[in-house]
1. Hey, got the dipole for the protein assembly as shown? About the Cα centre, +1 on K and R Cβ, -1 on D and E Cβ, debye to the nearest 20?
2. Net charge within 15 Å of B:Ala238 by Cβ-Cβ distance, Lys/Arg positive one each and Asp/Glu negative one each, not counting B:Ala238 itself?
3. Using modelled amide H (1.01 Å from N, peptide plane; none on Pro or chain starts), what sits under 5 Å from the amide H of B:Val193, excluding residues fewer than 5 places away?
4. For the range A:42-77 and the range B:239-278, compute the distance between their C-alpha centroids and round to whole Å.
5. Among B:Glu221, B:Glu300, B:Glu245, which one shows the biggest mean-square fluctuation in a GNM of chain B, springs joining Cα atoms closer than 10 Å?
6. Is there a simple number for the mean count of other chain Cβ atoms within 10 Å of the Cβ of residues in A:11-20, and what is it?
7. Calculate one ³J(HN,Hα) per residue across the range A:38-49 by plugging θ = phi - 60° into the Karplus curve 6.51 cos²θ - 1.76 cosθ + 1.60, and present them in order as whole Hz with x for glycine and proline.
8. Lys and Arg at +1, Asp and Glu at -1: add these up for the other residues within a Cβ distance under 14 Å of B:Ala25 and post the number.
Amino acid sequence: MAHTHESNVKKIWMVFGLLSVVTIVEVALGIIKPDLLHKTSFLGTSPLNWIFIILTLFKAYYIAWSFMHLEGEKKWFRRAVVWTGIFLICYLVTLLLIEGNYLFDTLAPLVRW
Amino acid sequence: MEANIAIPSDRKNTWSGGGVRPFSASYGKMMMWFFILSDALTFSGFLAAYGLTRFKFIDSWPIADEVFTHIPFIHGEFPMYYVAFMTFVLIFSSVTMVLAVDAGHQMKKSKVTWYMFATIIGGLIFVGSQAWEWNTFINGTYGAVKTTDGKLLQFVKDGHQIALSDFVVGERNDGRVTHTKKNGLWFESGEEVSNYSLAQIKTSYAANPSIFVRSEQINLEEKQKIIFSREKGLAELAKAEQIVEGANLEVNEYGNTIFANFFFFITGFHGFHVLSGIVLNIIIFFNVILGTYEKRGHYEMVEKVGLYWHFVDLVWVFVFTFFYLV
């Protein structure tokens, strides 16, 4: 609560517009799947997947900052929540994806299709 | 000394933390944030495990566009549209929630009431949609065949997947019927017997040269499932041991067993969060109507439950990406 009592209605609708546009772009790309983005590879996965992930993080940022009103919280309270989460999630995801890749490299040659 | 011991109080402050407001956040709001953080770590654990499994089976994971293709009341293939609709419903209910919080800051009781009401309706539409999605997923559309070496074979015609009922002809010829409570020995029912028998599927396949068998394996260049030649298809079909229609925790017609397991587990866990969010919203909704927060002088409870509701939306954004898009 920022203890400001002026209305944020206009800003809320702007953020909604933004989130909607991003979702529409995601869905459109997911349906069209342009070959150039889908069937090429960049840093371990297709550029299309990277676009999806970046747009997702973009949406997550706006939900947390605007709707959950993190921007109005005290700086170090915000950091206690956000940094902890981001650090642990990055750590876990990095280890598990590397492990998954290793499992594939090790087990896939043993599968007879 | 005082900081380290419990101070006797009249118990009115037991749940509010009294007047202590570290970082200018009330006790309740701060604890809601720390709960959300821990819940976010739980969900990220699930999604990371999903990621690990997907990388492990990167050459055979079901393609989402081919699994989630349905819209209620309409026949045909429409990948993604329905989940996109669900995403919108949830984002929109987040907007009405934040509008309720905003109206609460200005102590406008009737506005808070209506926005809370809209949020609850949005939540119910979402949960209903998810129930429909589960139902479609569990019943399946096409049907497939599982071989003795654990591979799943699907059927395609002109490059598109077709259902067993689209090409299997004749009556099943082994005389098996589903064992129900009514006709069985003792009052127990047995496993459901498919409309078709394996022998029937094999003969129908052999008789119809336009049908091909599709493997689970993905051609990593084309990003499409590999379709066998007619001869190879026949050889694979010879190993068939089970007809698979729909999905359960042991087998499913889409591909890897664990794909369905993760689908049930992660969307189910998220759906459970939405459900508890709706219950919380309803409680707060009635409190608003009763004027509880008007008397209290502030609508912070609306804000706290709002945080939880936005979090549920936040998680869905990620589930949507990693289950349906990527």
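Read the figures in this text as sums done on the coordinates, not as results from a lab. Just so it is clear, the structure is predicted and the values come from calculations on it, not from any experiment. We place every Cβ from the backbone using ideal geometry, glycine too, and count neighbours over all the protein chains shown.
1. 1180 debye
2. +2
3. Placed amide hydrogens put B:Thr178, B:His179 under 5 Å from B:Val193.
4. Centre-to-centre (Cα) distance: 28 Å.
5. Of B:Glu221, B:Glu300, B:Glu245, the most mobile in the Gaussian network model is B:Glu221.
6. 4
7. With the stated coefficients, the range A:38-49 comes to 8, 9, 10, 10, 8, 6, x, 8, 6, x, 4, 4 Hz.
8. Net charge in that neighbourhood comes out at +3.
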